[in-house]
Amino acid sequence: MIEFDHVWHQYGERTVLEDITAKLTEQRIGIIGGNGSGKSTLARLINGLIGPSQGTVRIDGYDTVKERKHVRSKVGFVFQDPDQQIVMPTVSEDLEFSLRGSKLTKEDRGRRVERSLHQYGLESHHDHPAHLLSGGQKQLLAIMAILITEPEIVVFDEPTTLLDLKNAVAIEEIIYRLDQQVVVLTHDLEMLQNFDRVIVLDDGRVVADDVPNIAVKTYRGLVLS
């Protein structure tokens, strides 16, 4: 469970999030809002990339500030731009790099990398230069590098924004198939149709928190008013 308890966040004198209280227990949760609404800040609070200015964020009871290391082992974060995540020269090296802090042996890490490559259709790209992949393949690799660590929760920050339609649909299908709890920030409202819950942020506040059709209707009203 992801729990926000009277969470505020400020950058200098600017309030980005204001008194957010929510318990997120559903499997698929969407977060939508305009630019500057606070949704990216909210997402980064979930795995301790940043901490709240006031209040607490807990993951299964673990405080994201006081117990950050434990939280990071439970929560994976996929950035909008995969080049922010890809750090090693080749595809297989990048995947294995994600396992560097695990207790797996080198042989077990290698086997897990091979399983991941096979599962997502990149087995022929084992030694391919990671930064020479196509845009869709880069985003796939970024997702694989998170999933290979077997997190319980995965946060996606606008995972399809930089992709063409074909690759966007492929990434959406991967997200739908995940067994983990997922939190997705997106401007793609159609993607949210089969989600369990959608939260709408506006000027740092939660203005809607409901099933997709009702929450999206509220968001459209804000944008078009």
* Structure fact -> Considering the range 85-94, residues that are open to solvent by 20 Å² or more (accessible area, probe 1.4 Å) and either of a type in the set (D, E, K, R) or in contact (Cβ under 8 Å) with a residue 12 or more places away in the chain (or both), and then whichever is farthest from D179 (Cα to Cα), we arrive at P89
* Of F97, F77, which residue is surrounded by fewer than 19 Cβ atoms within 10 Å (Cβ to Cβ), of a type in the set (F, W, Y) and either out of contact with any His (no Cβ under 6 Å at 6 or more places or on another chain) or within 28 Å of I171 (Cβ to Cβ) (or both)? -> F97
* Structure fact -> Residues of the range 50-74 being within 26 Å of E172 (Cβ to Cβ) and charged (D, E, K, R), in sequence order, are R72, K74
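In the list R109, R115, which residue meets the criterion of being more than 30 Å from G221 (Cα to Cα) and surrounded by 17 or more Cβ atoms within 10 Å (Cβ to Cβ)?
Details: R115 fails: surrounded by 17 or more Cβ atoms within 10 Å (Cβ to Cβ).
The conditions single out R109.
Name the residues in the range 182-225 that are among the acidic types (D, E) and not in a loop (DSSP other than H, G, I, E, B), would you?
First, pick out the residues of the range 182-225 that are among the acidic types (D, E): 188, 190, 196, 202-203, 209-210.
Across the range 182-225, the qualifying residues are E190, D202, D209, D210.
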* To do: Of all residues in the range 48-67, count the ones that are touching a Pro at 6+ places or on another chain (Cβ under 9 Å) and either within 13 Å of E18 (Cα to Cα) or open to solvent by less than 40 Å² (accessible area, probe 1.4 Å) (or both).
  => 1
* To do: Please list, ordered by first then second residue, the pairs with beta carbon atoms under 6 Å, 6 or more apart or interchain, first in the range 189-217 and open to solvent by less than 60 Å² (accessible area, probe 1.4 Å), second β-branched (V, I, T) and assigned to a helix (DSSP H, G or I).
  => L189/V216; V200/T218; A208/T218
* Does the range 142-155 contain any residue that is part of a loop (DSSP other than H, G, I, E, B), more than 13 Å from the chain's Cα centre (by Cα) and loosely packed, with under 14 Cβ neighbours inside 10 Å? -> yes
* Structure fact -> Of the candidates T41, T25, T64, the one satisfying the condition of being of a type outside the set (D, E), within 15 Å of D209 (Cα to Cα) and under 18 Å from the mean Cα position of the chain (by Cα) is T25
* **Neighbours by Cβ (under 7 Å, 6+ apart or cross-chain): first from the range 172-183, under 17 Å from G136 (Cα atoms) and touching a residue at least 12 places away in the same chain (Cβ under 8 Å); second of a type in the set (A, V, I, L, M) and part of a strand (DSSP E or B)** => I175/V182; I175/V184
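The values are calculated or read from the model by the stated rules, or taken from the named source; none is laboratory data. Note that the coordinates shown come from a computational prediction; the quantities given were computed from them, not determined experimentally. Note that each Cβ is placed from the backbone with ideal geometry, even for glycine, and that neighbours are counted across all protein chains shown. Side chains are part of the model used for accessible areas, which takes the heavy atoms of the whole protein and leaves out ligands, DNA and RNA. Shrake-Rupley method; radii C 1.70, N 1.55, O 1.52, S 1.80 Å.
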